[in-house]
Amino acid sequence: MALIITDDCINCDVCEPECPNEAISMGPEIYVIDPNKCTECVGHFDEPQCQQVCPVECIPRDPNRLETREVLMQRYRLLTAAKQAA
Ligand code: SF4
Ligand code: SF4
C-alpha cells in the first residue's frame, strides 16, 4: 500500500524532507503523496518515515492501494535505478 495524507494535515512541512523517494509534495491545499513513488519506505527504512514524524498522525495506509511487500520492493528497485540513471 502507498500511504495517503488526509485533510487533517496542518501543512507543518516536516514530512516532505523525510521521504527517501521524494514522493511527498505540496498539493493545492495540503501535502500529497505520489503513490507511484511511495514504497512505504520499503528498501530504505523499517518504518514509514513520514508517519513517524507527522505530529497529527494524518498519514494512514491507503486502503485503495493494497500492495504486497514484493510490489513495494519492485518499486524501490525501479526508483533507485531511475535515480542512478539520472
Ligand atoms: S512511507 Fe516513506 S516512501 Fe512513502 S511517502 Fe512516506 S516517507 Fe515517502
Ligand atoms: S507531517 Fe503530517 S501534518 Fe505535517 S505536512 Fe506532513 S502530513 Fe501534513
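The values are calculated or read from the model by the stated rules, or taken from the named source; none is laboratory data. Quick caveat: nothing in here was measured; it's all calculated off a predicted structure. Counting neighbours? That spans all protein chains shown, and the Cβs are built from the backbone with ideal geometry, glycine included. Remember, those area values only see protein heavy atoms, side chains included, never the ligands or the DNA or RNA. Shrake-Rupley method; radii C 1.70, N 1.55, O 1.52, S 1.80 Å.
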| task | Could you tell me whether the stretch 35-46 includes any residue that is of a type outside the set (A, V, I, L, M) and farther than 20 Å from Met73 by Cβ? | result | no
| query | Just checking, which of Leu78, Leu66 is over 19 Å from Val14 (Cα atoms), among the hydrophobic types (A, V, I, L, M, F, W, C), loosely packed, with under 15 Cβ neighbours inside 10 Å and free of Cβ contacts under 8 Å to residues at least 40 places away in the same chain? | reply | Leu78
| task | Give the residues of the stretch 4-19 that are open to solvent by less than 50 Å² (accessible area, probe 1.4 Å), in contact with a helix residue (DSSP H, G or I) (Cβ under 8 Å, 6 or more places away or on another chain) and more than 7 Å from ligand 2 (Cβ to nearest atom), sorted by residue number. | result | Cys19
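Results for (1) in a loop (DSSP other than H, G, I, E, B); (2) of a type in the set (Lys, Arg); (3) within 11 Å of ligand 2 (Cβ to nearest atom), shown as yes or no for each residue.
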position: Val32; (1), (2), (3): no, no, yes
position: Pro35; (1), (2), (3): yes, no, no
position: His44; (1), (2), (3): yes, no, no
position: Val56; (1), (2), (3): yes, no, yes
position: Ile59; (1), (2), (3): yes, no, yes
position: Glu67; (1), (2), (3): yes, no, no
position: Met73; (1), (2), (3): no, no, no
position: Arg77; (1), (2), (3): no, yes, no
position: Ala82; (1), (2), (3): no, no, no
| said: Any residue at all in the stretch 22-30 that's open to solvent by 60 Å² or more (accessible area, probe 1.4 Å), outside any loop (DSSP other than H, G, I, E, B) and either free of Cβ contacts under 8 Å to residues at least 24 places away in the same chain or touching a strand residue (DSSP E or B) at 6+ places or on another chain (Cβ under 8 Å) (or both)? | reply: yes
